[in-house]
Amino acid sequence: MMDKSFDAAAVESRVSALWEETGAFRAGRPERAGAEPFCMVIPPPNVTGNLHMGHALNNTLQDILARYRRMNGRDVLWQPGTDHAGIATQMVVERKLAEAQQPDRRTMGREAFLERVWAWKAESGGAIVQQLKRLGASCDWSRERFTLDAGLSRAVAKVFVQLYRDGLVYKDKRLVNWDPKFQTAISDLEVLQVECKGAFKWTRESDEPLNAAALGKVLAKNPNGHLYYFDYPVVDAAGEETGDRITVATTRPETMLGDTAVAVHSDDERYATLVGRQVRLPLVGRLIAIVADEYSDPEKGTGAVKITPAHDFNDFEVGKRHEAEGARPINVLDAEGRVFLKDNVAFFEGVESDNDHARLIAAVDGADRFVARLRIVELMALAGFLARIEPHAHMVPHGDRSNVVVEPWLTDQWYVDAKTLAEPALEAVRDGRTQFVPKNWEKTYYDWLENIQPWCVSRQLWWGHQIPAWYSPWGGCYVEESEDAAYAAALADGLERGALTQEEADGLARDPARLAATLRRDEDVLDTWFSSALWPFSTLGWPDETPELKRYYPTDVLVTGFDIIFFWVARMMMMGLHFQNEIPFRDVYIHALVRDEKGAKMSKSKGNVIDPIQLIDKFGADALRFTLAAMAAQGRDIKLSEARVEGYRNFATKIWNASRFAEMNGCARVAGFDPASVREPLNRWILGEAARAAAETAGAIESYRFNDAANAVYRFVWSVFCDWHLELAKPVLQGETDAAAKAETQATIAYVLDAIYALLHPFMPFLSEELWAIKGERGTPRAGPLALGPWPAQGVEVDEAIEAEIGWVVDLIGEIRSVKSEMGVSPSAPVSLVLVSPSARAQSSAAGWSEALKRLARVDAVETAEVAPAGSVQLVVRGEVVALPLAGVVDLAAERARLDREIDKVKLEIVKVVAKLSNDDFLARAPDEVVAEHEERREAFEERLAKLGHARERLEGV
RNA sequence: GGGCGCUUAGCUCAGCGGUAGAGCACUACCUUGACAUGGUAGGGGUCAGAGGUUCAAUCCCUCUAGCGCCCACCA
């Protein structure tokens with residue numbers, strides 16, 4: 001006996017254990033050695049993370065694909081694993097250290113710190129995997145990988161070295177986006193533009209001195225969002241002030257300390273006479289040139305722009321063009337974003353000594369950039385060089401993790417020549433080898449790759465893949481896959497350069513400790529996304545030529561969110577094509593983001609995450625999964641409502657109860673049941689409907705229309721099978737008149753339920769697997785878990801005559817129920833059903849279905865008459881007139897009114913159809929089948945109108 | 001400044017050239033032997049607005065309004 005209700009929690013753990021025992025998700029099962037493989041790689045979640053709604057959606061969709069293909073006999077590898085998530089993880093551990101008031105990472109040193117991170121990984125890693133299992137993700141968990149595993153690290157080193165040798169990885173000194181909080185470089189993609197708008201206004205002409213305290217208050221809230229206008233005094237060749245001033249505007253006053261030029265546009269007449277002159281930089285005293293450069297936009301600011309090559313990407317370029325005029329980078333900030341002056345040799349170079357530097361240094365040296373900002377403004381105002389301050393809305397770059405303003409900063413970093421790698425990646429999508437679904441994401445992909453910049457891959461962090469580069473005292477840099485190789489290369493280089501004698505080299509080679517002390521390894525680690533970019537082949541064992549790599553690469557589909565198209569998808573394309581000479585995946589399915597109620601991206605830092613595990617606890621994993629699938633229409637973000645999940649929990653209950661009903665009515669599986677041999681119309685009908693639902697579901701899954709697939713299953717199970725097949729079957733199941741029909745119906749129900757479990761399995765794996773097992777306890781033993789199939793065999797055709805018969809019965813029952821309800825007749829009021837001059841077919845149908853009619857339409861008897869009994873309510877159902885003799889029960893005036901409404905409706909329809917059919921253009925230009933369809937509709941409406949009119953007339957006399 | 005998307009029932013959303021749909025909510029009725037996490041019936045929509053294309057437009061095109069996202073060199 002089945003339990004009275006579906007206990008999701010109990011079933012989930014039982015079924016999980018079953019999958020584990022049977023190794024159902026294992027790739028390369030021997031019996032599928034000859035099967036076509038199907039492979040996906042999971043977007044690896046942060047190893048120390050927790051499952052959020054985005055993961056739940058992403059993995060539900062992947063699981064639907066994996067299970068569907070597995071049930072269809074494919075050898076499925078869904079490759080799982082986790083990501084070390086460099087900055088994110090290091091950040092967590094550093095925060096925990098700070099919270100515990102323990103020494104920070106620099107104090108404890110690299111080795112000790114890394115131990116702490118590994119400890120944290122050991123402690124919290126694996127939670128996400130457990131959560132994915134709770135969701136039902138059918139990954140081959142035996143193949144789980146981690147981006148810092150030895151194997152994957154080997155792949156990373158090999159790729160880095162190879163790219164270096166190909167000239168596609170290089171070290172360069174240029175401006176990078178520097179995160180002063182984490183004190184590391186970050187890539188362009190990790191920079192978010194945030195709009196800032198200030199609220200302070202002041203002009204020198206206002207007669208009021210600058211109220212620095214008031215400005216300070218405003219800046220304390222938001223240091224950005226103001227435009228400051230500075231006057232720079234123009235000097236003559238002798239360095240004497242001419243009395244002219246040139247006004248520049250800036251949003252970052254503190255960078256003026258590093259100004260080395262002022263640029264104006266060569267066409268700007270206002271400044272034509274000043275080009276070639278110099279200005280004396282206030283507070284600093286440095287003489288800097290006024291240069292003509294096209295970068296300067298006469299429309300913006302004052303048309304004259306201060307040039308700070310060390311702290312602005314554009315200025316850096318302008319500076320390169322005007323190096324001869326002295327526009328060199330002078331760095332005035334340190335790694336933490338503090339003003340750095342005292343020991344700054346470059347800063348004082350060429351500066352007259354009579355300036356009051358002591359005062360400047362006292363005011364700003366060592367001050368945070370935002371503190372310095374206010375002080376510089378104050379000093380400029382006191383010296384009379386501040387012209388005005390105005391609020392100015394503009395975008396300010398912030399680190400996506402640190403959320404602090406990033407600084408363009410001049411450093412040595414490693415770069416990947418993304419432009420070169422991007423070409424094949426673009427080509428592969430352009431020629432359709434890889435396709436995006438929905439297709440419109442391809443434009444996003446093209447736009448980014450076509451304008452791609454060098455990818456800064458070095459990070460001044462400790463948690464990650466340390467860059468395999470070693471430096472020697474004799475100035476060499478050795479990029480090698482291993483320490484030994486690097487040492488060998490260094491010694492050879494030392495000999496070649498003459499920095500080492502053969503003897504010295506031999507000595508070093510014999511003394512590894514001394515060698516290690518001589519060579520210094522690059523301390524930086526690689527961007528997390530560098531290792532993620534290799535995921536589709538590194539997880540398959542590359543650089544070894546493994547059988548898995550051969551069998552499963554390229555993967556079939558990648559399922560991911562649009563937010564990581566650039567971070568991840570594009571880079572996997574680049575690396576896959578470069579290192580495997582082959583696309584990493586054929587399809588890229590881009591799903592929506594699950595957003596919070598305001599449409600904002602869910603993130604831990606915002607604290608707006610909905611916990612999927614809580615929903616699973618409350619409604620079951622199946623309900624959550626079904627909800628996500630049903631809502632995953634292409635092209636729109638998902639706002640999840642709990643009511644929806646509850647609705648699909650009810651759906652699970654419905655299925656459970658339908659299965660119980662089957663059990664109670666002896667619907668056991670019959671060995672060798674052949675759908676083709678079924679005779680009863682009702683059974684043939686449901687088998688046809690089941691086949692249709694299976695085809696619809698399969699088609700929808702294969703084209704990534706998850707919502708259509710879910711809805712097809714939902715409708716078939718509830719609205720077709722439960723509402724009609726089971727209801728119509730009750731008289732046969734619960735009667736004793738026709739044993740053969742009963743047995744056939746029982747067998748059919750068992751068969752259709754099996755099909756339902758299978759159709760449902762990709763969406764609701766726990767419930768379906770459990771019911772499959774329960775139903776498998778009797779009859780022929782199951783070959784294995786449902787997870788391994790089979791997908792319902794298709795091929796039962798829906799017979800038109802049967803369709804018409806069942807359709808008529810269904811409509812008739814509906815009409816009777818409707819009219820009773822509408823006329824205020826109690827459902828249980830005694831009334832018989834009279835067929836008025838029925839066709840032979842209707843008569844036999846009615847006879848055959850009389851029991852069902854009695855039960856479902858609540859009529860007492862089914863009779864036949866030449867004409868409708870006086871004062872009866874008459875219905876026209878698919879051309880057949882039926883009457884309910886309700887004289888005395890219903891108000892005849894109400895019945896007349898009902899018929900009149902009915903007639904009006906039909907007339908309106910006829911007017912619409914006739915209007916079209918009498919339009920010559922329509923007849924001439926519309927496709928024939930559309931015209932024919934309209935003809936049929938007109939005929940049907942007219943026939944219905946005639947019969948309704950007849951019924952209406954009959955009521956007149958009463 | 002560029003690009004993408006959205007606007008359909010009270011709410012959340014499907015649909016997409018030819019009869020406008022779902023879930024939830026709402027109303028009325030139903031303790032009928034699978035299921036009240038249920039059943040039956042019902043109310044509710046000039047498919048944002050304006051033009052255009054078409055025999056035919058919620059659907060295609062253009063514009064307008066509102067909302068959202070992504071990208072872009074911070075004067």
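Only helices reaching 27 angstrom along their own axis (Cα) with mean Kyte-Doolittle hydropathy no lower than 1.6 count here, and not one DSSP H run of chain A does.
Of all GluC sites (Glu not before Pro) in region A:765-849, which ones are in loop regions per DSSP and have a Cβ with at most 10 other Cβ atoms within 10 Å?
Within region A:765-849, the qualifying GluC sites (Glu not before Pro) (loop, at most 10 other Cβ atoms within 10 Å) are A:Glu777.
Spin-label model, A:Val798/A:Arg925: points 7 Å from Cα along the beta carbon direction are separated by 3.3 nm.
What is the local net charge at A:Leu135, summed over the other residues whose Cβ is closer than 9 Å to its Cβ (Lys, Arg +1; Asp, Glu -1)? Overall, the nearby charge balance is +2. Put a plus charge on the Cβ of each Lys and Arg, a minus charge on the Cβ of each Asp and Glu, and nothing anywhere else: the dipole of region A:20-95 about its Cα centre is then about 180 debye.
Among the GluC sites (Glu not before Pro) found in region A:850-940, those both in a DSSP coil and sparsely packed, with 16 or fewer other Cβ atoms within 10 Å of their Cβ, are A:Glu866.
What pairs from A:Lys4/A:Lys654; A:Lys320/A:Lys419; A:Lys121/A:Lys618; A:Lys201/A:Lys221; A:Lys654/A:Lys742 go past 18 Å between their alpha carbons? Mind showing how you got there, number by number?
Numbers: A:Lys4/A:Lys654 12 Å; A:Lys320/A:Lys419 22 Å; A:Lys121/A:Lys618 29 Å; A:Lys201/A:Lys221 15 Å; A:Lys654/A:Lys742 23 Å.
Violating the 18 Å limit, Cα to Cα: A:Lys320/A:Lys419; A:Lys121/A:Lys618; A:Lys654/A:Lys742.
Can you list the residues of region A:832-846 with backbone N under 12 Å from a point 7 Å past the Cα of A:Asp738, pointing along Cα to Cβ? Answer for region A:832-846: A:845-846. Cα centroid separation, region A:486-549 to region A:562-577: 27 Å.
Only helices enter this figure: runs of n ≥ 4 DSSP H residues, each worth -39500 (n - 2.57), summed and divided by the residues of chain A, yield -14000 deg cm²/dmol at 222 nm to the nearest 500.
For the pair region A:317-335 / region A:886-958, the C-alpha centres are spaced 85 Å from each other. In this label model, A:Glu822 and A:Val911 are separated by 1.9 nm, measuring between points 7 Å along each Cα→Cβ vector. The orientation-averaged projected area of the convex hull spanned by the Cα atoms of chain A comes to 56.4 nm². At full extension, A:Arg245 and A:Ala643 could sit 136.5 nm farther apart than now, given 0.36 nm per residue minus the alpha carbon distance. Under 5 Å between amide hydrogens, built in the peptide plane, is the criterion, and for A:His591 it picks out A:Thr560, A:Gly561, A:Phe562 among residues at least 5 positions away or on other chains.
Please work out the FRET efficiency for the pair A:Lys618 and A:Ala100, using the Cβ-Cβ distance as r and a Förster radius of 35 Å; give the result to the nearest 0.05. Here the calculated transfer efficiency is 0.55. Its alpha carbons considered, region A:169-268 gives a radius of gyration followed by a Dmax of 18.4, 58 Å. Think of region A:69-128 as having a plus end and a minus end, set by charges on the Cβ of Lys, Arg, Asp and Glu; of A:Trp78, A:Leu114, A:Ile128, A:Trp78 sits farthest toward the positive end of this dipole.
Computed from the coordinates by the stated procedures, all read-outs in this text should not be read as laboratory data. Everything numeric here is computed off the predicted structure, so don't read it as measured data. A quick note on method: Cβ atoms are made from the backbone with ideal geometry, for glycine too, and the neighbour counts reach across all protein chains shown.
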